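Heads up: the structure comes next, in structure tokens.
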Amino acid sequence: MAELSCDVLVVGAGPTGLMLANWLVKLGVDVIVADGKEGPTRESRALVVQARSLEIYDQLGLADQVLEAAERADALAPGFLDRVFGRVSLGRLGGTLTPFPFIEVLEQSRNEEILYENLQKLGAGAPSRIVRWETPVTAVRQVEDGVEAKVGNDTVRARFCVGCDGSNSAVRKARRIAYEGVTNPHRFYVIDAVGVAGLVENAINVRPGGSDFLLGFPMRGRHAWRLLGLVRDEDGDSRLTEEDVRPRIRRFAVTYGESRWFATYKVHHRVAATFRDGPFFLAGDAAHVHSPVGGQGMNTGMQDAHNLAFKLADVLQGRRKDAWLDRYEAERRPVARTLVATTDRIFGAITSQRPVARLLRRVLVPVVAPLGVRFVPRLSGGGRVFQYVSQIRVHYWMTPNARAAAGGRRDPVVGRRLPWAGGNFEVLRDLRWQIHAYGGVAATDVPDLSLPVHVFPPAPGTGLQPGRLYLVRPDGFVAAEAAVSEAAGVFPAFLRG
């Protein structure tokens, strides 16, 4: 039995916890990660990596490794039962919006392995101290100088503790934080199948039916797919097995040979009542869970981690006061609430067994989906849909009174992740506050605020205006905008701790 200390105790070594640990270690923060399981997850579970998460991986220096391991889905393929209505190219929708305009299919287990391997490299001096496998956290409590936790047989004292330990979070329960929401009444299946036939290749297949639905995600390997849908006890034996699922899948004219993994589950839509309780924080599934529609669960957790890591580092290293950490909940909880509400509505529309809902699916989907395939890629709204799904359109109010001052109107640039202008993301690897200009400004015009200054060519269509200066946070979000003559008066307020 030993007494250990660190800056941040991360409870849970899933994608969220490992992403948080990677960023904290990279930012010079002393971390211990504890998890009761024996190593990275072996089941695939979540499997979609969205554009925004790839941008975060890129800032961490891991995007190429993720892309090499992933199976690319370059299109959406809508259908209805056994009918397919064509392909909607993702590259056409997002090609001018992000350097990663596709959906990369990479199961949770490989995300965890990549993050764990990188964490070992970052903490080369003591990798085993950073992640403690087979070491559950059985108790946490607040003490005068932070947190004390029972970690395996040891006691860990930390300044902060982050619960990344899933929907049954021990940290959330120990702090008695409510987990508000609902559970979908249906049960669903997930199969990692091989020898699959009947799906559109290299595309996310979305096929609702009158009383059913099928989602298909291409995976690495010949004719390998992840299949999801509704499951019922078809043979009446009071057990839900793979044999209850095969007939349902055949209704969509889809067949498969064998499965590598089969499971059934319930879908929950829940958000924690608070994401911060003193020195305790929640992230990922410990803070929010929702349906797999859109493939955003794992991504939202990793983005929580990215956001929180910079704030924790700022406070621990003396650049900001403790109140700066309140910004984590102010920024990330609205994202979770919107996501849960949206996926709840969509999933409810897809799975509802009410006669009206089933009739609407039978009548509307075969009419609307073919029109969408033809016209969505040509409309500006198609790009906006891509931004929402890929999570590059997330917005934060940058000050507590910003919403009231703006009359509730969201700025096209400020409060959002920096718009991609073709070559302006590489400088974000510097991990510092910086000033950007996009045409109409020379570097010598920019006031000296002891920040890196980057002047780029004009970027039409991005919202970035010539002659303006943009203050960009280390996490890639635009904190403020000002004319050259006003920047010295506007920007320092966002930099003060």
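Think of the chain as having a plus end and a minus end, set by charges on the Cβ of Lys, Arg, Asp and Glu; of Pro279, Val66, Gly476, Gly476 sits farthest toward the positive end of this dipole. Rg/Rh for segment 131-227: what does it come to with C-alpha atoms and Rh from Kirkwood? Rg/Rh for segment 131-227 comes to 1.20.
Per-residue counts of other Cβ atoms within 10 Å, averaged by peptide: what ranking do you get for 64-72, 439-447, highest first? Provide the component values of the computation, followed by the final result.
Working: 64-72: 16.0, 439-447: 13.9.
The packing order, highest mean first, is 64-72, 439-447.
Packing, as the average of other Cβ atoms within 10 Å across residues, places the peptides 11-18, 166-173 in the order 11-18, 166-173, highest first. Database remark: amide H of Trp261 closer than 5 angstrom to the amide H of Asp192 (H placed geometrically; neighbours at sequence offset of 5 or more, or on other chains; Pro and chain starts carry no H).
Split the accessible area of segment 75-150 by element, probe 1.4 Å, and carbon with sulfur accounts for 49%. Overall, the accessible surface of segment 182-336 at a probe of 1.4 angstrom is composed of carbon and sulfur to the extent of 51 percent. For segment 1-117, the relative contact order works out to 31 percent when only alpha carbon pairs closer than 8 Å and six or more residues apart are counted. Derived scalar couplings between HN and Hα for segment 75-90 equal 7, 9, 10, x, x, 8, 6, 8, 9, 10, 9, x, 10, 10, 5, 6 Hz in order, rounded to whole Hz, by the Karplus curve 6.51 cos²θ - 1.76 cosθ + 1.60 (θ = phi - 60°), x for Gly and Pro.
Relative to the compact globular guide of 2.2 N^0.38 Å, what is the alpha carbon radius of gyration of the chain, as a ratio? Write down the numbers at each step before the final one.
Details: Rg = 23.4 Å, N = 497, 2.2 N^0.38 = 23.3 Å.
In units of the globular-protein estimate, the chain measures up at 1.00.
Each label point was placed 7 Å from the Cα along the Cα-to-Cβ direction; for Glu426 and Ala139 their separation is 5.4 nm.
Applying both filters, DSSP loop and at most 16 other Cβ atoms within 10 Å, to the GluC sites (Glu not before Pro) of segment 189-283 gives Glu201, Glu234. The amide H of Tyr396, built 1.01 Å from its N in the peptide plane, has Arg416 as neighbours under 5 Å, considering only residues 5 or more places off or on other chains. Along each principal axis, taking the top coordinate minus the bottom one, the Cα set of segment 402-497 gives 33, 30, 25 Å in descending order.
Bridgeable lysines around Lys173 (alpha carbons under 29 Å apart, same-chain partners fewer than 8 residues away excluded): Lys37, Lys150, Lys266, Lys311, Lys321.
Quick one: Debye curve from the C-alpha atoms of segment 20-125, no solvent, what's log10 I(q)/I(0) at q = 0.18, 0.20, 0.23 Å⁻¹? Rounded to two decimals, the profile gives -0.95, -1.09, -1.28. For segment 84-195, the pair-distance distribution built from all alpha carbon pairs, in bins 10 Å wide starting at 0, is 9, 22, 28, 24, 13, 3, 0 percent.
Would you mind telling me the antiparallel percentage of the DSSP bridges in the chain, rounded to 5? Bridges in the chain that DSSP calls antiparallel: roughly 70 percent. Between Trp433 and any residue 5 or more places off or on another chain, the built amide H atoms are never under 5 Å apart.
The values are calculated or read from the model by the stated rules, or taken from the named source; none is laboratory data. Not measured: the values here are computed from a predicted model. With ideal geometry, Cβ positions are generated from the backbone for all residues, glycine too; neighbour counts draw on all protein chains shown. Keep in mind that these areas ignore ligands, DNA and RNA; they rest on the heavy atoms of the full protein, side chains included. Shrake-Rupley method; radii C 1.70, N 1.55, O 1.52, S 1.80 Å.
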